[in-house]
Amino acid sequence: MKILLTAFDPFGGERVNPAREAAAALPEGVGGAEIVKLWIPTAFGQGADRVIRAMDDLRPDAVISLGQAGGRKAVTPERIAINWMDAHIPDNAGRQPREQFIEAGGPDGCFSTLPVEAMAAAIREIGLPGEVSLSAGAFVCNEVMYRVLRHAAKTMPDTRCGFIHVPFLPEQVREKPDKPCLSLRDMVRALTAALEVTAAQPSAEASK
């Protein structure tokens, strides 16, 4: 089994992106699956384009994109990507689309095809905070999730796809003590648990 794991570069004035740091620290194999890592820009259009090209080249069994959700306390598999862009800060290319569709005429939302409930449960079972989040928001993370799911549905329907958000790292909250964080070690443990569930679950069990 092959899992394409993607993560963004830092954005919004942060010096690091915890998703990328955690992805880099993960092993090249988890639960019997090969983990292929891909770094993508936090930029509308560009990030999703890069993931889609990698999907076409690799034909992975699953695609899991990782992103930062500063302010969240848990590692959160996302349930839905919405057909909407509404950026409250510019992306790393200076773009800031407001109240725009990702795909004109496309479905209002696309459900993750990953076993999100089982992933969150596996994270909690090892004593770490794991919750299913309803929506991936309206920034670049959501656009990547939406476009990846649409591409998979059209060209590789057996490939499971979805998104996981992670909290800040401790170093990111030194000047914002009101924000929760999670250590890199625990982030890696949580993502490993989620990847193991993905590797073990047949596609028929996706999104359950």
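Please treat every number below as a calculation from the coordinates, not as lab data. Since we're looking at a predicted model, the values are computed, not measured. Neighbour counts are summed over all protein chains in view; Cβ atoms, including those assigned to glycine, are modelled from backbone coordinates with ideal geometry.
Miscellaneous remarks
- Count - residues of segment 17-35 that are outside any helix (DSSP H, G or I) and in contact with a Phe, Trp or Tyr (Cβ under 7 Å, 6 or more places away or on another chain): 1
- Check on Ala7, under 17 Å from Ala190 (Cβ atoms), in contact (Cβ under 8 Å) with a residue 60 or more places away in the chain, aliphatic (A, V, I, L, M) and surrounded by 14 or more Cβ atoms within 10 Å (Cβ to Cβ): yes
- If the condition is being surrounded by 16 or more Cβ atoms within 10 Å (Cβ to Cβ) and farther than 24 Å from Asp108 by Cβ, then segment 146-179 contributes Val166, Pro167, Phe168, Leu169, Gln172, Val173.
- Unique residue being under 22 Å from Gly13 (Cβ atoms) and part of a helix (DSSP H, G or I) when the list is Glu171, Glu196, Glu175: Glu171
- Enumeration of residues in segment 4-20 that are among the basic types (Lys, Arg) and over 12 Å from the mean Cα position of the chain (by Cα): Arg15
- Test: residue in segment 36-59 that is in contact (Cβ under 8 Å) with a residue 12 or more places away in the chain, more than 13 Å from the chain's Cα centre (by Cα), over 29 Å from Ala118 (Cα atoms) and part of a strand (DSSP E or B): no
- Residue check for Glu14: surrounded by fewer than 19 Cβ atoms within 10 Å (Cβ to Cβ) and either part of a loop (DSSP other than H, G, I, E, B) or without any contact (Cβ under 8 Å) to a residue 12 or more places away in the chain (or both): yes
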